[in-house]
Amino acid sequence: MKIRKAVVTSAGWGTRFLPATKSQPKEMLPLIDKPIIQYVIEEAVASGLEQIIIVTALGKHAIENHFDRSFELEHVLRQKGDERLLREVQRISELASICYIRQKEQLGLGHAVSITQDLVGDEPFALFLPDDIIEAEVPAMKQMLQVHDRYGCSVVAVETVPPENTAAYGIISPKQVEERVYQVLDLVEKPEPEEAPSNLGIVGRYILTPEIFSVLKETPPGKGGEIQLTDGLRLLLQQQALYAYRFQGTRHDTGTPLGFLKASVELALHCPDLASEFKEYLRKLDLPH
Ligand code: G1P
């Protein structure tokens, strides 16, 4: 079945970025000149997904405004004769058909996904967590859709993570079935290194079959007292197979201030307009040891 819909969860408080996130959504912090969430929506569109469902929460209006038209701004840019920026702001409002649903209580990622049931309906869908930005020649989600086409099951994106960092990820127990593709035998949310079944960590891209909605209803709170998607997928494993795909590309974790900083630096080094001057600047920095 062709996947048409993408769910993007952006309902968190962004507490790791306070005070910057006191009155603006974390997903609107800019990486170079684009808010984080725009990278993810562009990946969804480039992967052929037509309908986007964004899970938001109190205080997240800036996201809706960003993807809406701004006639005043367009008018100002037109008067200034800035055709390039005018086209860019119009392009953003035409990127995709987006609808929004609010998560009224912060009960975890599994809960955020579960409230999209009526909007997604009875069909498989893609899920994006905007903390993870992936640079790739072929969009990471497009790569995953090909895996889903072959196996017809839910697919989670994975990458090799440092063994000491397993407690930051959902970790899978893998059985390799082809290059980059694994059947998931089991999975566990944020295990300590000594309990981790491997060092393949889940990153924020998933393709989920609609059966996830019924299992999430049965999923009890897990790590941190939250309803965890990883725990839901573990229950789903009792009914149907689950695959993991080690995508090609570079993932940036913008979920922490340090990760965000690293992502900004790396993206700047890959940005044609900035790279050479920025490299020059970095070279000249007298870094203390
Ligand atoms: C979530 C998931 C975790 C996954 C991670 C990927 O955790 O619960 O399984 O590995 O996203 O970024 P979070 O980073 O939101 O705590």
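The values are calculated or read from the model by the stated rules, or taken from the named source; none is laboratory data. All values derive from a computational prediction rather than experimental measurement. Methodologically, a virtual Cβ is constructed for each residue, glycine included, from the backbone with ideal geometry; neighbour enumeration extends over all protein chains shown. Protein only, heavy atoms only, side chains kept; ligands, DNA and RNA dropped before computing areas. Shrake-Rupley method; radii C 1.70, N 1.55, O 1.52, S 1.80 Å.
Computed quantities for the displayed model
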item	result
Charge-dipole axis of the chain as Lys and Arg at +1 and Asp and Glu at -1 on Cβ define it, positive-most pick from ALA275, TYR182, CYS99	CYS99
Per residue convex hull volume, Cα atoms of the chain, in Å³	158 Å³
Kirkwood Rh and Cα Rg combined as Rg over Rh, evaluated for segment 225-264	1.16
Percent of C-alpha pairs per 5 Å bin, segment 42-156, short to long	2, 9, 16, 18, 19, 14, 10, 6, 3, 1, 0
Label-reachable residues, segment 35-71, where backbone N falls under 20 Å from a point 7 Å from LYS22's Cα toward its Cβ	58-63
Distance between modelled label sites at PHE278 and ASP33, nm, 7 Å Cα→Cβ extension	1.2 nm
Segment 149-289 shape via C-alpha gyration tensor axes, a/c threshold 1.5	prolate
Heavy-atom accessible surface of segment 154-254: percent carbon and sulfur, 1.4 Å	43 percent
Sites LEU261 and GLU137 - FRET efficiency at Förster radius 30 Å, r taken between beta-carbons, to 0.05	0.75
Under Karplus coefficients 6.51, -1.76 and 1.60, residue-wise ³J(HN,Hα) of segment 169-179 in Hz, glycine/proline x	9, x, 10, 9, 9, x, 10, 5, 10, 7, 4
Set of lysines near LYS223 by C-alpha distance (under 21 Å), chain-local residues within fewer than 8 positions excluded	LYS104, LYS190
Proximal aspartates and glutamates relative to LYS5, as straight alpha-carbon distance under 14 Å, when same-chain residues fewer than 8 apart are discounted	GLU42, GLU43, GLU50, ASP118, ASP122, GLU123
Mean separation of Cα contacts under 8 Å, 6 or more apart, over the residue count of the chain: relative contact order %	21 percent
Solvent exposure, largest accessible area first (probe 1.4 Å, DNA, RNA and ligands not counted), of LYS142, LYS5	LYS142, LYS5
Within the chain: Cβ-based charge dipole about Cα centre, in debye rounded to nearest 20 (Lys, Arg +1; Asp, Glu -1)	300 debye
Centroid-to-centroid separation of segment 1-70 and segment 137-213 [C-alpha atoms, Å]	23 Å
Sequence-distant residues sharing a close amide H with VAL177 (under 5 Å, placed H)	TYR182, GLN183
For segment 107-208, accessible area per residue (1.4 Å probe, heavy atoms of protein chains only), Å²	40 Å²
Label-point separation in nm, ALA62 to ALA168, each point 7 Å along Cα→Cβ	2.4 nm
Percent carbon-and-sulfur accessible area, segment 1-135, ignoring ligands, DNA and RNA, probe 1.4 Å	52 percent
Full-stretch length increase - GLN248, GLU50 - with 0.36 nm per residue and alpha-carbon distance subtracted	69.0 nm
Mean residue ellipticity (222 nm) of the chain, computed from DSSP H runs ≥ 4 via -39,500 (n - 2.57), nearest 500	-9500 deg cm²/dmol
Simple label model, 7 Å out from Cα along Cβ direction - ARG102 to LYS217, nm	2.5 nm
Note, ³J(HN,Hα) from phi for segment 138-151, Karplus 6.51, -1.76, 1.60, rounded to Hz, x at Gly and Pro	9, x, 4, 5, 5, 4, 5, 4, 5, 5, 4, 4, 6, 10
1.4 Å probe accessible area per residue over segment 1-64, in Å²	43 Å²
